[in-house]
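Notes for the one structure printed next.
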Amino acid sequence: MSDVTRAYRRRAGGGVLTTLTWLLALAFFFPVAWMAATAFKQESQAASDPPTWFFTPTLDQFRAVLEGGSMVYVGNSVIATGVSTVLVLLLGIPAAYALSIRPVEKVSDVLFFFISTKMLPVVAVIVPIYVVAGQLRVLDNIWTLVVLYTAMNLPIAVWMMRSFFLEVPGEVLEAASVDGAGLMRTLRSVLIPMVAPGIAATALICVIFAWNEFFFALNLTASQAATVPVLIVSTMTSEGLFLARLSAAALLASLPVIIAGWVAQKQLVRGLSMGAIK
Amino acid sequence: MSTSTIGRLEGSRRAARKAASERATSRAEGWRRRAPLLPALIFTVIVTQLPFLVTIWYSLRSQNLLRPGEDLFVGLSNYLDIAQDSTFRQTALNSVVITLGCVLVAMVLGIVLALLLDRPFFGRSVARTMLITPFLVMPVATSVLWSIALLNPTYGLFNWTLGLFGIEAIDWTSTYPIVAILMALVWQWTPFMMLLVLAGLQAQPKDVLEAAAVDGAGPWRVWTSITLPHLRRYIELGVLLGVIYVVNTFDQIYLMTAGGPGTASANLPFYIYQRAFLGFDIGQAAAMGVVVVIATIIVASAALRLIFRSFEVKE
């Protein structure tokens, strides 16, 4: 086989693989595109057999979703996601420091403990949390969700940030301590700036999981503290199947995380692999 | 007493004082090291461990929120009920099928997609962006999308597509509920696996691959002897995290099938939820929670040992 034919074959093979990749990408993306399209339809076009492929887009569904007092839910979701993520970082950064830079004894025991709390099925603790929250009168209170979301994301965040901290060269920290910088100072002016991308990755993962969380929100909130996922479900059950409006609500609810994930793809990958990439 | 003895005594006393002060410094140093860890540790213990202790307490009692007066210590009878509960066994099996099915299929698809994406081609970043999107969509929205827009028997897009090939309409969520749930879960988790494996592929040392090529190793040889071993810990991490999250799947089951028909597609989280929040049977639900935790700990410690080995956590 001459070099020319080999190169030609490789290009042809590459073409097949590229086509295959694009087909798979379109297949995986299609449901989201269909949801987005449905959100711009009238109800009669949304649930039609055969499916409506061509239509004049309308903003009616988005208007209906936004008019229905949904801002309360959005506000709750923003508080639960934002505050819990900040708390995770405030608690997690010093902990990751203590498990990496100047490690305490029994590091692997502590790490094991943190990750083991993720193994604890959420359902196993929902009953007492519900009963105790009822006795403390903090059911349907957004701060209850803040505390639970912080606990939900903290273990994974500690693991991630620890692996980012381990990548900081020891000499830099020695230099800081020779210059007489204390813990807070070292954290603030040396360490945190160096691991900022890792912290951003961790925060992004925490935001995704908190924003999308449904189980706690369903069981521990009612009218006051309900979040966006609860809004979608109540839209679904209270008004029957208005598919177009439901699609608009689902699209709006998913959009913040989708856009954040698209923009920060690199951080997302680093976060997911728990900083295992060198 | 001779002066030399006194001198020796003085010396040993000084040594003891020095040792004590060193111990004090090292203890202080130990606390300085521990202090940054404590807030996170204490918070996690309080929020995650205390409720579990309360779960154990409830599991030994007969308490039904519909009958407020009744709250008795019943010993292990809740556990005996579970042992005889065939629904519990079925939902446990469903949990295993759904978790393993989703994680394994998503991982295989994820590896294939990662390999396809790990080569230069036109519009690669757009294709990757499209492929990661399912992971970012809110699971509640995913459930609505799959159960209504795609799998609905009358106007769902899936049956319409099958109809083009002359296949009759199938009511997916009631005829094949677990398959329907798996479709939605695999769709959602494949991007997660793909991103992890892609990270692994891109972290491969290029010089090793070049050296292998120079030594005349073919693509298959390079894949099995270099790439796959290198990917191993990424794959293990993906499986571990996937299992942690998928075993707790609730949204898709609650919204797509409500565990039905009957309890055919209920997993343990959904069944326990039903007992606690629809049956208000606190004692039973708590006992099931404890059983699930014990089972999870057994599986998880085996899995964690694996992952710890591959991460080589140093003391």
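I'd like the distance separating the alpha-carbon centroids of region B:212-245 and region B:119-192, in whole Å.
Taking the Cα centre of region B:119-192 as reference, the centre of region B:212-245 is 28 Å away.
Across peptide A:46-57, what mean number of C-beta atoms from other chains lies inside 10 Å of a residue's C-beta? Please report the intermediate quantities before stating the final value.
Values: counts 3, 6, 3, 9, 5, 6, 1, 0, 0, 0, 0, 0.
Counting other chains' Cβ atoms within 10 Å and averaging over A:46-57 gives 3.
Quick one: accessible area per residue over region B:137-190, 1.4 Å probe, rounded to a whole number of Å²?
Details: 1930 Å² over 54 residues.
Per-residue accessible area for region B:137-190 comes out at 36 Å².
Summed for both chains, how many Å² of accessible area, to the nearest 100, are buried between B and A with a 1.4 Å probe?
Numbers: alone 19510 and 16560 Å², together 27290 Å².
In total, this chain pair buries about 8800 Å².
Within 10 Å of each Cβ in peptide B:148-158, how many partner chain Cβ atoms are there on average? Round it to a whole number, please.
Details: counts 10, 12, 4, 0, 4, 1, 3, 8, 3, 6, 0.
What the average comes to for B:148-158 is 5.
Normalised by the residues of region B:225-282, what does the relative contact order come to in percent, with Cα pairs under 8 Å and at least six apart? Don't jump to the answer; show the numbers that get you there.
Working: 23 pairs, mean separation 11.7, N = 58.
Once divided by the residue count of region B:225-282, the mean separation gives 20 percent.
Return the FRET efficiency for the residue pair B:Gln90, B:Ala217: r is the Cβ-Cβ distance, R0 is 41 Å, and the value is rounded to the nearest 0.05.
E(calc), rounded to 0.05, equals 0.25.
What FRET efficiency comes out for A:Glu105 versus B:Lys206 if R0 is 45 angstrom and r is the Cβ-Cβ distance? Round to the nearest 0.05. Let's see the in-between values first.
On the way: r = 39 Å, r/R0 = 0.87.
Given R0 = 45 Å and the Cβ-Cβ separation, E is 0.70.
Roughly what would the spin-label model give for B:Leu278 and A:Glu171, points 7 Å off Cα along C-beta, in nm?
Output for this residue pair reads 6.4 nm.
What average number of partner chain Cβ atoms lie no more than 10 Å from the Cβ of the residues making up A:206-213?
On the way: counts 0, 0, 3, 1, 0, 2, 8, 4.
The per-residue average across the peptide is 2.
Report, in deg cm²/dmol and to the nearest 500, the calculated mean residue ellipticity at 222 nm for chain B, where each DSSP H run with n ≥ 4 adds -39500 (n - 2.57) and the sum is divided by the residue count. Could the numbers behind the result be given before it?
On the way: 15 runs with 214 residues, N = 315.
Here the helix-only value at 222 nm equals -22000 deg cm²/dmol.
Taking a ≥ b ≥ c as the square roots of the Cα gyration tensor eigenvalues, with a/c under 1.5 meaning rounded and otherwise prolate when a/b beats b/c, else oblate, which class fits region B:179-315?
Working: a/c = 4.25, a/b = 2.18, b/c = 1.95.
The shape class here is prolate.
Cα gyration tensor of region B:114-215, axes a ≥ b ≥ c as square roots of the eigenvalues: rounded (a/c below 1.5), prolate (a/b > b/c) or oblate?
Values: a/c = 2.96, a/b = 2.46, b/c = 1.20.
Judged from the Cα gyration tensor, region B:114-215 comes out prolate (a/c at least 1.5, a/b above b/c).
When only Cα pairs under 8 Å and 6 or more residues apart are kept, what is the percent relative contact order across chain A?
Working: 254 pairs, mean separation 83.5, N = 278.
Here the relative contact order equals 30 percent.
Picking from B:Thr48, B:Thr133, B:Thr175, which is most flexible by a Gaussian network model of chain B using Cα springs under 10 Å?
In this elastic network of chain B, the residue with the biggest mean-square fluctuation among B:Thr48, B:Thr133, B:Thr175 is B:Thr48.
Any chance you could run the full-extension gain for A:Val132 through A:Val16? It's 0.36 nm times the residue separation minus the Cα-Cα distance, nm to one decimal. Working shown, then result.
Details: separation 116, 0.36 × 116 = 41.76 nm, distance 5.92 nm.
Roughly 35.8 nm would be gained on extension.
For B:Ser225 and B:Leu76 in one chain, what is 0.36 nm times their gap in residues minus the Cα-Cα distance, to one decimal in nm?
Numbers: separation 149, 0.36 × 149 = 53.64 nm, distance 5.27 nm.
Between B:Ser225 and B:Leu76, full extension yields an extra 48.4 nm.
Report the relative contact order of chain B, percent, no decimals, based on alpha-carbon pairs under 8 angstrom and at least 6 residues apart. Provide the component values of the computation, followed by the final result.
Details: 310 pairs, mean separation 85.1, N = 315.
After rounding, I find 27 percent.
Rank A:Met236, B:Met138 by accessible area, highest first, at a 1.4 Å probe radius? Mind showing how you got there, number by number?
Values: A:Met236 25, B:Met138 0 Å².
Descending order: A:Met236, B:Met138.
Simple spin-label model, 7 Å along Cα-to-Cβ: B:Ser125 to A:Ile79 in nm?
If labels sit at B:Ser125 and A:Ile79, their model points lie 3.9 nm apart.
If you take the beta carbon distance between A:Phe113 and B:Thr154 as r and set R0 to 51 Å, what does 1/(1 + (r/R0)^6) give as a FRET efficiency, to the nearest 0.05? Intermediate results must be reported in sequence, preceding the final value.
Values: r = 51 Å, r/R0 = 1.00.
Step by step, r from the Cβ atoms, then E = 0.50.
Could you sort B:221-230, A:25-34 so that the peptide with the highest average Cβ count within 10 Å comes first and the rest follow in order?
Numbers: B:221-230: 13.9, A:25-34: 17.1.
The most tightly packed comes first, giving A:25-34, B:221-230.
Highest mean first, how do A:222-229, B:205-212 rank when packing is the count of other Cβ atoms within 10 Å averaged over residues? Don't skip to the answer; put the middle values down first.
Numbers: A:222-229: 19.9, B:205-212: 11.8.
Result, highest mean Cβ count within 10 Å first: A:222-229, B:205-212.
Please compute the modelled spin-label separation between A:Met194 and B:Val108, points set 7 Å along Cα→Cβ, answer in nm with one decimal.
Between B:Val108 and A:Met194, the label points sit 4.4 nm apart.
Need one word for the protein assembly as shown: rounded, prolate or oblate. Basis is the Cα gyration tensor (sqrt eigenvalues a ≥ b ≥ c); a/c below 1.5 gives rounded, then a/b vs b/c decides. Working shown, then result.
Numbers: a/c = 1.93, a/b = 1.26, b/c = 1.54.
Oblate.
For a quick check of your reading of the filter: which chymotrypsin sites (Phe, Trp or Tyr not before Pro) in region B:126-198 sit in a DSSP loop and have no more than 10 other Cβ atoms within 10 Å?
Numbers: sites: B:Phe135, B:Trp146, B:Tyr155, B:Phe158, B:Trp160, B:Phe165, B:Trp172, B:Trp187, B:Trp189, B:Phe192; in loops: B:Tyr155, B:Phe165.
Sparse-neighbourhood loop chymotrypsin sites (Phe, Trp or Tyr not before Pro): B:Phe165.
For chain A, what is the mean residue ellipticity at 222 nm derived from helices alone (per DSSP H run of n ≥ 4: -39500 (n - 2.57); sum divided by total residues; nearest 500 deg cm²/dmol)?
On the way: 14 runs with 207 residues, N = 278.
The helix contribution divided over chain A gives -24500 deg cm²/dmol.
What translational diffusion coefficient, to the nearest whole µm²/s, does chain A have by Stokes-Einstein, given a Kirkwood radius computed over alpha-carbon pairs, a temperature of 10 °C and 1.306 mPa s viscosity?
Numbers: Rh = 22.2 Å.
Approximately 72 µm²/s, per Stokes-Einstein.
The values are calculated or read from the model by the stated rules, or taken from the named source; none is laboratory data. Just so we're clear, the structure is a prediction, and the values are computed from it rather than from any experiment. Backbone-built Cβ (ideal geometry, glycine too); neighbour counts: all protein chains shown. Protein only, heavy atoms only, side chains kept; ligands, DNA and RNA dropped before computing areas. Shrake-Rupley method; radii C 1.70, N 1.55, O 1.52, S 1.80 Å.
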